[in-house]
Amino acid sequence: MTSRTLTIAMNGITGRMGYRQHLVRSILPIRADGGLLLEDGSRLQVEPILVGRNENKLKEIAARHDLSRWTTDQDAIISDPDVDIYFDAQTTSRRYAALTAAIEAGKHIYTEKPTAETLEQAVDLARRAAPTNLTIGVVHDKLYLPGLIKLRRLVDEGFFGRILSLRGEFGYWVFEGDVRPSQRPSWNYRKQDGGGMMVDMFCHWNYVLEGILGSVKSVYSQAITHIPTRWDEQSEAYPATADDAAYAIFEVETPAGKTVIAQLNSSWAVRVHRRELVEFQVDGTHGSAVAGLFHCESQQRANTPRANWDPDVPADIDFLSQWTEVPDDGAPANGFRAQWEEFLRDVAADRPHRYGLASAARGVQLAALGQESTDTGRKLSVPQLAF
């Protein structure tokens with residue numbers, strides 16, 4: 001059996017997402033399993049190079065996982081001819097320059113999102129990549145998780161009939177940091193450092209809506225900073241200049257040309273009263289379904305209980321018991337690893353990845369329009385981008 005090794009420069013690996021989801025839960029397990037078995041019977045191996053700005057953290061991570069290669073020299077590693085893939089999980093403010101350099105150096109790219117701080121930069125990246133033969137992928141992890149895979153399957157099978165609406169609830173209580181440590185880094189709450197709920201999550205909601213329903217045609221939103229003061233990693237109080245919650249209504253056009261209303265609430269100042277930290281409910285004329293990242297429950301029209309509004313009489317229907325769990329059907333448990341494997345197979349086959357820089361630019365566009373809607377109090381159309 002023949003084998004091939006792809007060298008991956010993994011930048012931003014000392015951060016929470018870069019380390020946990022991409023290195024520890026994706027690349028290292030693929031490496032430990034002896035790589036990927038490809039369609040032609042050959043095997044694809046992966047070899048990471050750790051990249052970051054903190055030398056001590058890089059050394060510690062390399063030693064912990066018995067990895068020999070690490071560097072703080074981003075420019076040198078991007079131009080290194082031995083590097084096949086450049087991966088970026090840095091803060092958003094540093095991503096555009098690094099991705100531009102990687103495209104110019106002829107590297108295949110896999111990157112977190114948002115791909116840039118501004119729409120102009122995100123579109124520029126997509127345009128720079130368009131004439132190349134590079135395989136470029138952008139993380140769309142939620143579409144690879146069991147709950148949303150099952151939800152998409154129900155859409156494809158026509159389970160819902162005509163889809164009417166989608167409602168999503170995302171978030172959890174992020175501690176302020178004064179009494180109990182915060183679960184998120186302080187830069188997330190400073191607008192000047194690229195933080196904010198809207199810029200963070202609207203790029204996700206764009207690809208989720210595209211992947212489940214169709215293209216987003218309009219947005220009406222309200223972003224707000226519920227908690228104005230937080231405490232950083234040194235226990236120092238600082239003003240939270242970025243929004244910690246965003247509430248939005250989107251109009252989505254399905255491939256059949258029908259309009260679906262999607263309402264999505266996102267908050268780091270909400271306590272969880274649901275099965276998972278994010279849940280989506282899709283309602284249609286023939287049935288409904290509720291999906292988290294892992295579970296998915298459905299209810300057909302024939303099984304829908306007859307509810308009646310009577311505020312003077314306690315409800316005698318156990319509504320939650322009326323739903324049926326949708327089977328897994330072999331869905332993967334780790335969305336990050338699943339997409340990494342698909343991307344690596346695309347690199348090996350010299351073909352495009354289905355979620356690229358154009359999709360990422362649309363996510364940046366939606367966040368920018370969401371902010372404009374917040375600032376102006378208006379519902380805004382989402383124009384089609386040209387690449």
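Considering all C-alpha pairs of segment 298-387, those separated by over 22 Å amount to 66%.
Where does helix 119-129 land angle-wise versus the long Cα axis of the chain, in degrees 0 to 90, nearest 10? On a 0 to 90 degree scale, this one is about 50. Highest mean first, the peptides 247-257, 217-227 sorted by other C-beta atoms within 10 Å per residue fall in the order 217-227, 247-257.
Applying a 10 Å radius around every beta-carbon, put 359-370, 161-172 in order of their mean neighbour count, most first.
359-370, 161-172
What translational diffusion coefficient, in µm²/s and rounded to a whole number, does the Stokes-Einstein relation yield for segment 87-133 at 37 °C and a viscosity of 0.692 mPa s, taking the hydrodynamic radius as the Kirkwood radius over Cα pairs?
In µm²/s, the coefficient rounds to 311.
Scattering from segment 235-385 was approximated by placing one identical point on each alpha carbon and applying the Debye formula without solvent; log10 I(q)/I(0) at 0.17 1/Å stands at -1.39. Packing around the peptides 298-311, 94-107, 68-81, taken as the average count of other Cβ atoms within 10 Å per residue, puts them in this order, highest first: 94-107, 68-81, 298-311. Compared with the dominant Cα axis of the chain, that is its longest principal axis, helix 146-156 is turned about 60°.
Solvent-accessible surface of protein heavy atoms, probed at 1.4 angstrom with all chains present, puts THR324, THR135, THR14 in the order THR324, THR14, THR135, largest first.
Enclosing the Cα atoms of segment 168-287 in their convex hull gives a volume equal to 107 cubic angstrom per residue. Overall, the accessible surface of the chain at a probe of 1.4 angstrom is composed of carbon and sulfur to the extent of 49 percent. Note that segment 237-244 has calculated 3J(HN,Hα) couplings of 5, 8, x, 7, 8, 9, 5, 10 Hz, one per residue in order, obtained from phi through the Karplus relation 6.51 cos²θ - 1.76 cosθ + 1.60 (θ = phi - 60°); glycine and proline are x.
Spin-label pair ASP40-GLN183: with each label point 7 Å from Cα along the Cα-Cβ axis, the two points sit 4.5 nm from one another.
Tell me, in nm to one decimal, what length is gained between GLU60 and LYS258 on full extension, where the rule is 0.36 nm per residue of separation less the Cα-Cα distance?
On the way: separation 198, 0.36 × 198 = 71.28 nm, distance 5.31 nm.
Here the answer is 66.0 nm.
Across every pair of non-identical alpha carbons in the chain, the mean reciprocal distance, once inverted, gives a Kirkwood radius of 22.4 Å. Cross-link reach is defined here as a Cα-Cα straight distance under 27 Å, omitting same-chain residues fewer than 8 places apart; for LYS59 the lysines meeting it are LYS107, LYS113. Annotation: the antiparallel percentage among DSSP beta bridges lying fully within the chain is about 60.
Which value at 222 nm does the chain reach when only helices count, each DSSP H run of 4 or more adding -39,500 (n - 2.57), with the total divided by all residues and rounded to the nearest 500 deg cm²/dmol? Before the final figure, lay out the partial values.
Working: 9 runs with 104 residues, N = 387.
The per-residue figure over the chain is -8500 deg cm²/dmol.
Restricting to segment 1-88, what percent of DSSP beta bridges are antiparallel, rounded to 5? Show your work: numbers first, answer last.
Working: 2 of 17 bridges.
Counting DSSP beta bridges with both partners in segment 1-88, the antiparallel share is about 10 percent.
Cross-link partners of LYS57 among aspartates and glutamates, defined as those whose alpha carbon lies under 20 angstrom from its own and excluding same-chain residues fewer than eight positions apart: GLU47, ASP66, ASP73, ASP75, ASP88, ASP232, GLU233.
Diffusion of segment 1-150 by Stokes-Einstein, at 20 °C in a medium of 1.002 mPa s and with Rh set to the Kirkwood radius over alpha-carbon pairs, works out to 133 µm²/s.
Calculated FRET efficiency, ARG94 to PHE319, Cβ-Cβ distance, R0 = 51 Å: about 0.60 to the nearest 0.05. Going by the alpha-carbon gyration tensor, a ≥ b ≥ c the square roots of its eigenvalues, is segment 75-196 rounded (a/c under 1.5) or, if a/c is not under 1.5, prolate (a/b greater than b/c) versus oblate? Oblate, because a/c is 1.5 or more while a/b does not exceed b/c.
Please work out whether segment 29-117 counts as rounded, prolate or oblate from its C-alpha gyration tensor, where a ≥ b ≥ c are the square roots of the eigenvalues and a/c under 1.5 means rounded, while otherwise a/b larger than b/c means prolate and anything else oblate?
oblate
Separation of segment 157-185 from segment 231-292 is 5 Å, based on Cα centroids.
Under 28 Å of direct C-alpha separation, and excluding same-chain neighbours fewer than eight residues apart, LYS258 reaches these lysines: LYS142, LYS150, LYS217, LYS379. Axis angle, to the nearest 10 degrees, between helix 335-349 and the longest C-alpha principal axis of the chain: 50 degrees. Computed over the alpha-carbon pairs of segment 249-314, the distance histogram in 5 Å steps reads 3, 12, 16, 18, 21, 18, 9, 2, 1 percent, short to long.
Computed from label points 7 Å out along Cα-Cβ, the spacing between ASP73 and GLN281 is 5.7 nm.
The values are calculated or read from the model by the stated rules, or taken from the named source; none is laboratory data. On a predicted model such as this, the values are computed, not experimentally measured, just so you know. A quick note on method: Cβ atoms are made from the backbone with ideal geometry, for glycine too, and the neighbour counts reach across all protein chains shown. Accessible surface is based on the protein model in full, side chains and every heavy atom, while ligands, DNA and RNA are left aside. Shrake-Rupley method; radii C 1.70, N 1.55, O 1.52, S 1.80 Å.
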